[in-house]
Structures are given as structure tokens and as C-alpha cells.
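Asker: Before I ask anything, here is the structure I am working with.
The values are calculated or read from the model by the stated rules, or taken from the named source; none is laboratory data. Quick caveat: nothing in here was measured; it's all calculated off a predicted structure. Neighbour counts run over all protein chains shown; Cβ positions are idealised from the backbone, glycine included.
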Amino acid sequence: MALRTDGNERSPEQRQAYLRRPLTDLKGVGEKTAALFEKVGVTDLAALLQYYPRTFSVFGEVTTVDQLRADTMACVSCIITGNPFLRKGRGVTVLTVSCGDETGNLQLVWFNAPFLRNHLKPGRRYVFRGMARRKGKGLVLQQPSMYAPEEYASLAGSMQPVYPLTKGLTNNTVMKSVRKALDFGCYKEETLPEELLQEEGLIGIRAALFGIHFPKNEAEYVAARNRLAFEEFYDFIRKLRALKEENDAAPNAFPCIETAETVRFLEALPYRLTKAQTRVWEEIREDLCGAHQMNRLIQGDVGSGKTVVAFLALLLCATNGYQGAIMAPTAVLAAQHFATFQKWGEDYGLPVRPVLLTGSMGAKDRREALADIADGSCNLIVGTHALFQEAVTYQKLALVVTDEQHRFGVRQREALEGKSVPHILSMSATPIPRTLAIILYGDLHVSLLDEAPAKRLPIKNAVVNTSYREKAWQMIVKEVREGHQAYVICPMIEPGEMEGLTNVTEYAEELRDVLPSDIRISLLHGQMKAKEKDRVMEEYAAHLTDVLVSTTVVEVGVDVPNATVMMIEDAQRFGLAQLHQLRGRVGRGEAQSYCIFVDTSPQAANGAASERLGVMKDSNDGFHIAEEDLKLRGPGELFGLRQSGALAFRIADIYRDAALLTRAAARADRM
């Protein structure tokens, strides 16, 4: 049944009921379109309204060809002067055509858009809007949008939302669907008290939803974003406070006593723990042997040695007759943890019997693993989110170790309903400033690993502009020839997702053209199916490929000590903490490693140094970088890339919105 247009006349109860309605209730959204929305997690009207734009197209003034500058978004009014030419190769089609105005000529390039060939008629004038890139001595306009002159005139000066997409789902479809939902009054009821809204200077929920999707100007967008980010922090912190009260009262259902095996393992290791590792292990041991349930976070920089400390906790539980589980963000990392723990058990004669459990396992292996977990044959369970599915029955689960992508909260507690709640040990490599950590980890006791193992060489860093690309590629070739591997990080998956940003699809194709043909290049991004992502990461970890061109999905999830080069395109658009996380993928072995930050901004092209990227060049200390990130990231960065990692909110960002977070925490505490 299609929705009616009398949304503003509905009662609060009716509006809440409408929010739970399927998308097919919107006129023009059929089963096929609804299935595409489901791929991006949008299954009802409430989820549609929270499917926020990732950025906005700001339609500026039309310029002439001679005013174009490399690596900037450009808008030109040109006449097509030649016939379009279509080239095919390696699963990619490249369409090119020449155009020009009275000041010069320009080439236009589209990837995977062969259908445009029929629309590009010589002699016709269009307004083309796209990213200007240097090619030889001239410029090309990449993946430009095409408008009739009068059509562009109607858009000039406006902000158009750009949404995250999947194959088959167009930006126009999302935009129309959101507009219809809002016009039908499908917005949730106000959840923040009127007094709070007034005192904090926040707008109401209805205005915020219109303003976040279809702002009339930048000020309206900022007001909408502040309101929604504040609410997200406020709700999160109130839940944290309730959880802390519950945690502090929970008795230790699985008391441990110190055992000789942990001491024997530490003595047998070929290295000594750092002072920080020793201190954190003692804190964990006291918790496990104490009167109350453990809820502890190990916050340590990349490479600070969190895994060995977590293994000690799992070993202590195993030697006390209990089971322990550790959850990794990917099947590949889970398999690496499993192999490490199995080797330690065999090499040092430890009474650990590990088992691997992931969603991608075959049916026979899965049945055997589930049986071993249920009857207690295995006392150390390594896996992904599959650890908390209904089919898994534990015998005596005393400890759950989670990584930063999977904070153990209400949802996981419900999965263990009816069982004694185990000790919780969370691990985070995201360096969060102490002022924010006190708020965000308010329900946990925090242990800090602030030393790096002695053997590791510091990563050598360089901040460069786009003119350095070819030298960077030559460096990658040199490292590959010496038996090492490299990562290249691009912020986007496909052309056109976000204006002016490099994407893995085109970049991988370009590298295949410019690097020697024997260098093996693979592609990785978040829209690939889980099994395909695992296959690509497994092949890279096994050195079956040399260069991995990826989005930020490699930020966590695979450990490749052989990788020595990290090259990050559009580095100026990332938060410093995320850049540090990405850099942490290299420098994990004993060889010298390098990180190249490519600043694609016009300022960098003109030789202006970036203060923010200078912090990355001068420091490998994650906690120092986090503090600088807090100082240097401001609310003026409206359309930057979202910070990822721990505590990934839907719209809020703990760095950009640090002041909002502090205010929301103060409000939640007053409540």
C-alpha cells in the first residue's frame, strides 16, 4: 500500500508505525529496488532516513578551459569537437572524446560508461563537471557529469547529496526515495527534551532530517549534523553509564588462581615482555582472580604486543578448567591467530586446545568445531562474529577477547542469555586522546600499552604531492624486486562515488599499465563478497600477490610482516588517527618499512606543506598523533572522509565533534 501525503496530520504512534513500514510502501520503489537497498542495510523507512549522504556536490561557477588546474574539481562549458572513441581491456571500458571552447581544447574520459557514446554528438554544447587530471603536457577531465547549459544553470550554487551506493543503486534513486519519505512525514518523534534543545542550541529532529539530506546552504547542513551527532553521542553515553552500573555489580562467575603454565610460557619466549606488557598482564591477572567480573580494555598502539597479553589471559582460563574465546574482525586474521596459538601450544607444551570457527568454514569442519566447543574438547576458541551465533554452545566460557571492531555489549550479552556472563577483554589499536577515552570507555577499566617491542625499526615517512607518484611507483618496484610487498590505499571503490577522490578500480588498472607485467597486483574493497575478500587477503598474506590496491578495509584484518611499503592517496582527506592505523599495516617485520602520504590538494601542488600531514611525517607515536588530530581537525572539515575504526558512529566523529561529545557526556551525567 502506497503512503499518503498527509504525514504532518498523523499522531506520534502512527508516525512510529510508518517508520517500520517496508520501502515498497513508497511509490516508485518496487521489489528489485528494495532488494538493492537491502544490500546497503536499508530495509525500512527508518533506516532510509538514517542513510545519510557521504558528501555533497557543490555546484560552482562555470570556468573556461584555460583556467583549469590539475587535481581540482572543474566545471566547463564546451562543444564536442570529435567522435567518441571506446577502448576495452581487462574488464574495463574507457570512453574518450575531445571538446573545447574559445580558450582551448580538452579531452574527456569515462570508465565503464559505454552507453554515453550515443549521447556525445559532435557540435553539441554541454556543461561538463569532473576532476581535472594531468596527462602528459595537457589535462583531461575524468568521469565528468554532463548537463545541458540550462539544466546546470538551475543547479548552480546548490548542494546536492551524494550517497554511498552499491551496483545497480543510483544516487538519483536514493535521493528520490528519501525525498518521498520526508514529504510523507516519515520522521521519528523528538527524543531530546525541549529544554535540552534550547540550552544546547540544537534544532528539532524534523528540521535535522531535512537539513542533513537536502540542506539549502552550508549553515543548514552544519545545524542538522550537529543535532544528529549530539543525539548519537548522548544516547551512546547514557547506555554506557547503565552498562557500567551493571558491570560493577557483577560477581566473578569464573574465579581463577595463578598457574605455573603462564610463568613457564613467559620464561620460554625468545624475548622478554616490555614493562608495559608486564604491567597490563598483572592487571588482567588480578581481575581474573578477583571478586568481580572483568571488563577491561587494552589500548595499545599498532605493534605494541596486545596479542601475546591476550593469549596469557586465555591460557590462565584454560589452565583453570575454563574455555576462552577470541573474536577477530576477519576470517583471515582469525586464521592467523589460530595458527599462532596452535604453534605456541605445541612449541611450549601448553595445555591449550584451540579450534577455529568462522562463517566461511565448510559444513563438515563447522559441525566438528561446534561439537568440540560444546563438549569442552577445545578450550581456546578463535573466530569471527560466528562465535556468537545461536548454534554455538559453550561448556564453560569464562573469557571473551574482542577487537576494536566488535565491542562486547548488549547484543553479545543477549546471545549468551541464560549463561553466566564471562570476563570481557577488549583490544583497541585506535589511539584515542585521554580526554575522550575517559568518556568513550566509561564502562571499562583501561590498560595502556605505551611501549613498542625493541626489534622493530621505525617506519620512514614521506609527504609528497602528485608529481612524486612515478618515483613512489619505482620505489614499490624496487621493494618487490627485493622480495617484499606493498599496499596502495585509495579512499573510493569506483569512479564518481565522491568528487575528486582516487578510486581502487581505476588505480589498479593504471598500475597494471605502468608497472612491469610480472608484478602481481590485486584489488580489495568493502563491497566484495566476504569469501572473495578473504581469498584476496589470504593470497596477499601468502605472497601470491605483490601489490594490494585497497580501500581502508585493510585498516584491520590481516598481518603481513613481509609488506614494507604503504602508499596512501588523497591522504589529506583522512583523519590522522586513521592514517596512523593504515600505516600500521607495514613495519610489522624486521625489514625497514616506508609510508608515502600523497597529498592531492591544489595547495600541495603549489608547494604548500600540510600541517596535519607534517604530524604524520614527524611522528610514529599514535597517542601523540591522536592528540594532534584532536587539535587540527575542526568542524570546518565538513566533507572529509569519515573516521573509521573503534566506535564508528553513524554520523558523529569523535575528533571532528570532540566538543559535542564533551557536552553530550555532561548532559548524560546530569540526567
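Asker: Does the stretch 48-67 hold any residues that are of a type outside the set (D, E), more than 23 Å from F649 (Cα to Cα) and assigned to a helix (DSSP H, G or I), and which are they?
Answerer: Selection gives V65, Q67.
Asker: Please go through the stretch 375-391 and pick out each residue that is at pLDDT 85 or above, within 18 Å of P329 (Cα to Cα) and not small (G, A, S).
Answerer: Correct list: L380, I381, V382, T384, L387.
Asker: Quick one: D287 ticks every box in (1) buried (at least 20 other Cβ atoms within 10 Å of the Cβ); (2) closer than 28 Å to I625 by Cα; (3) among the charged types (D, E, K, R) except a single one, so which number is it?
Answerer: Just one mismatch for D287, condition (2).
Asker: Still on this model: Return the residues of the stretch 213-245 that are of a type in the set (D, E, K, R) and in a loop (DSSP other than H, G, I, E, B); say none if nothing qualifies.
Answerer: K216
Residue by residue, here is whether (1) of a type in the set (G, A, S); (2) closer than 21 Å to S447 by Cβ holds:
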site	(1), (2)
E283	no, yes
L288	no, yes
A291	yes, yes
Q299	no, yes
A310	yes, yes
T330	no, no
V352	no, no
M361	no, no
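Asker: Same structure again: Return yes or no: is A310 at pLDDT 90 or above and either touching a helix residue (DSSP H, G or I) at 6+ places or on another chain (Cβ under 7 Å) or surrounded by fewer than 22 Cβ atoms within 10 Å (Cβ to Cβ) (or both)?
Answerer: Judged against the criteria, A310 is not a match.
Asker: Please determine, by comparing only the residues of the stretch 480-500 that are over 15 Å from R469 (Cβ atoms) and either among the aliphatic types (A, V, I, L, M) or not assigned by TED's automatic domain parsing to the domain that holds H580 (or both), which one is modelled with the lowest pLDDT.
Answerer: So, considering only residues that are over 15 Å from R469 (Cβ atoms) and either among the aliphatic types (A, V, I, L, M) or not assigned by TED's automatic domain parsing to the domain that holds H580 (or both), the one modelled with the lowest pLDDT is M498.
Asker: List the number of the failed condition for T33; all other conditions in (1) surrounded by fewer than 17 Cβ atoms within 10 Å (Cβ to Cβ); (2) at pLDDT 90 or above; (3) of a type in the set (S, T, N, Q) hold.
Answerer: T33 satisfies every listed condition except (1).
Asker: I'm trying to understand the selection: among the residues of the stretch 78-88, which are in a strand (DSSP E or B) and either at positive phi or among the β-branched types (V, I, T) (or both)?
Answerer: Scanning the stretch 78-88 gives I79, I80.
Asker: Under 8 Å by Cβ, and 6 or more places apart or on different chains, what pairs join a residue from the stretch 604-618 that is over 11 Å from E628 (Cα atoms) with one that is modelled with pLDDT under 90 and in a loop (DSSP other than H, G, I, E, B)?
Answerer: From residues that are over 11 Å from E628 (Cα atoms), the pairs are A604/S610; A605/R69; A605/A70; A605/D71; S610/S601.
Asker: Given the conditions (1) closer than 30 Å to D450 by Cα; (2) crowded, with 23+ Cβ neighbours inside 10 Å; (3) touching a helix residue (DSSP H, G or I) at 6+ places or on another chain (Cβ under 7 Å), which single one is not true for A318?
Answerer: For A318, the failing item is (3).
Asker: Can you name every residue in the stretch 136-155 that is farther than 16 Å from V58 by Cα and touching a residue at least 24 places away in the same chain (Cβ under 8 Å)? Write out each step before concluding.
Answerer: Let us first name the residues in the stretch 136-155 that are farther than 16 Å from V58 by Cα, namely 136-143, 148-150.
Correct list: G138, L139, V140, L141, Q142, Q143, P149.
Asker: Kindly evaluate E368 against the criterion of being among the acidic types (D, E) and closer than 26 Å to K533 by Cβ. First the steps, then the outcome.
Answerer: Values: among the acidic types (D, E): yes; closer than 26 Å to K533 by Cβ: yes.
In short, yes.
Asker: I'm trying to understand the selection: among the residues of the stretch 115-130, which are in contact with a strand residue (DSSP E or B) (Cβ under 6 Å, 6 or more places away or on another chain) and either among the small types (G, A, S) or farther than 14 Å from S145 by Cα (or both)?
Answerer: Of everything in the stretch 115-130, those that are in contact with a strand residue (DSSP E or B) (Cβ under 6 Å, 6 or more places away or on another chain) and either among the small types (G, A, S) or farther than 14 Å from S145 by Cα (or both) turn out to be P122, R124, G130.
Asker: Please find, within the stretch 395-409, the residue that is modelled with the lowest pLDDT out of those that are outside any loop (DSSP other than H, G, I, E, B) and of a type outside the set (D, E).
Answerer: T402
Asker: If I go through the stretch 250-265 residue by residue, how many of them are surrounded by fewer than 17 Cβ atoms within 10 Å (Cβ to Cβ) and not in a loop (DSSP other than H, G, I, E, B)?
Answerer: 4
Asker: Determine, yes or no, whether S360 is more than 24 Å from P255 (Cα to Cα), in contact (Cβ under 8 Å) with a residue 24 or more places away in the chain and surrounded by fewer than 20 Cβ atoms within 10 Å (Cβ to Cβ).
Answerer: Against the criterion (more than 24 Å from P255 (Cα to Cα), in contact (Cβ under 8 Å) with a residue 24 or more places away in the chain and surrounded by fewer than 20 Cβ atoms within 10 Å (Cβ to Cβ)), S360 qualifies.
Asker: Restricting to the stretch 437-455, and then to whatever is under 30 Å from A664 (Cα atoms), modelled with pLDDT of 75 or more and touching a helix residue (DSSP H, G or I) at 6+ places or on another chain (Cβ under 6 Å), can you tell me which residue is surrounded by the most Cβ atoms within 10 Å (Cβ to Cβ)?
Answerer: S447
Asker: Only residues that are under 16 Å from N83 (Cα atoms), assigned to a loop (DSSP other than H, G, I, E, B) and under 31 Å from the mean Cα position of the chain (by Cα): list them for the stretch 108-122, please.
Answerer: Hit for the stretch 108-122 is A113, nothing else.
Asker: Cβ contacts < 9 Å: first residue closer than 15 Å to P329 by Cα, restricted to the stretch 513-533; second residue of a type in the set (G, A, S) and loosely packed, with under 13 Cβ neighbours inside 10 Å, any location; separation 6+ or different chain. Result?
Answerer: K533/G526
Asker: Related question: Go through the residues of the stretch 417-435 one by one and say whether even a single one is surrounded by fewer than 17 Cβ atoms within 10 Å (Cβ to Cβ), part of a strand (DSSP E or B) and at pLDDT 80 or above.
Answerer: For the stretch 417-435, residues surrounded by fewer than 17 Cβ atoms within 10 Å (Cβ to Cβ), part of a strand (DSSP E or B) and at pLDDT 80 or above: absent.
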